[in-house]
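What follows is a set of notes on a single structure, which appears directly below.
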Amino acid sequence: MSIPSIATHKPVVSCKCAAYLDWLQMLSGACLVLFMWAHLFLVSSVIIGPGVMNAIAHFFEITGMAQVGGPVIFAIFLTHFVLAARKIPFTSKEQGLMLQNAKRMHHSDTWMWVIQAVTAMIILIMGAIHMWVVLTDLPITAQKSAARIQNGWWMLFYLVLLPMVELHVGIGFYRIMVKWGVIDSKGRFGFKKKENLLTAIMIGIGVVTLLRFMFLATK
């Protein structure tokens with residue numbers, strides 16, 4: 001989930017150090033991309049049946065992967081944000097410059113970065129809330145997830161978080177492929193179309209999963 005930089009007045013980091021930080025940002029982003037796709041498919045197993053999801057969650061519980069993996073993913077999540085924050089505009093002046101550049105350049109990759117930067121800020125807050133709620137209420141079960149979604153504003157919360165995550169992950173995956181030379185300039189358009197389709201499919205699976213939770217018996 002790599003994010004390019006824009007012209008700002010932030011301190012200049014040595015080229016060698018910046019290269020290492022970029023590599024760590026790419027690595028942490030790639031880990032999060034794989035985790036989010038795996039997470040979506042595991043949670044969406046509730047579509048098949050709550051027993052399937054509970055069996056998968058139980059496996060992660062008895063192996064200690066939930067207790068250990070959850071905090072590890074949270075640490076990677078925060079590390080990735082700190083690394084990406086080097087290039088995210090936080091001040092109104094920097095944000096104005098970012099939008100001016102995007103409008104002037106008429107370049108789709110620049111607008112993709114704008115979307116990625118915006119979704120990153122939303123995910124930082126909402127993603128942290130989600131992980132805290134889940135990790136402080138182990139073990140995970142389909143019934144617990146359904147009860148949460150059926151109460152309060154959680155359904156709306158996840159309907160906002162879901163597309164933010166999938167857009168960020170999809171764009172990040174594309175940028176990793178471009179930055180590290182997996183796809184060249186000629187292959188970008190075709191790859192974008194495939195990535196957009198994949199993102200739409202992931203969002204669709206997420207919405208169906210939320211609806212399944214919404215109408216799942218909690219007792």
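Taking all protein chains together and rolling a 1.4 Å probe, Tyr20 ends up with roughly 140 Å² accessible.
How high is the FRET efficiency from Phe215 to His58, r the C-beta distance, R0 30 Å, rounded to 0.05? Efficiency at R0 = 30 Å is approximately 0.85.
The relative contact order of the range 114-219 comes to 43 percent, based on Cα pairs under 8 Å that sit 6 or more residues apart.
Surface composition of the range 15-63: carbon plus sulfur atoms contribute 82% of the solvent-accessible area (1.4 Å probe, protein chains only, all chains present). Going by accessible surface with a 1.4 Å probe and the largest first, Ser44, Ser185 read Ser185, Ser44. Computed FRET efficiency, Cβ-Cβ of Leu198 and Thr136, R0 25 Å: what is it to the nearest 0.05? Efficiency for this residue pair is about 0.20. Solvent-accessible surface (1.4 Å probe) assigned to Arg212 amounts to roughly 70 Å². Where the centre of each part is set by its Cα atoms, how far does the range 129-143 sit from the range 25-54, in angstrom? So the separation of the two Cα centres works out to 14 Å. Of the accessible area of the range 117-219, computed with a 1.4 Å probe over protein heavy atoms only, carbon and sulfur atoms account for 73 percent. Using a cut-off of 13 Å between beta-carbons, work out the net charge of the residues near Leu138 (Lys and Arg +1, Asp and Glu -1, Leu138 not included). Taking every other residue near Leu138 into account, the sum is -1.
Expressed in Å, the radius of gyration and Dmax of the Cα atoms of the range 114-219 are 16.5, 54. Applying 0.36 nm per residue to the separation of Tyr20 and His39 and subtracting their alpha-carbon distance, the gain on full extension is 4.0 nm.
The values are calculated or read from the model by the stated rules, or taken from the named source; none is laboratory data. Everything quoted here is computed from the prediction, not taken from an experiment. For neighbour counting, all protein chains shown are included, and Cβ atoms are generated from backbone atoms with ideal geometry for every residue, glycine included. Surface areas here come from the heavy atoms of the whole protein model, side chains and all, with no ligands, DNA or RNA. Shrake-Rupley method; radii C 1.70, N 1.55, O 1.52, S 1.80 Å.
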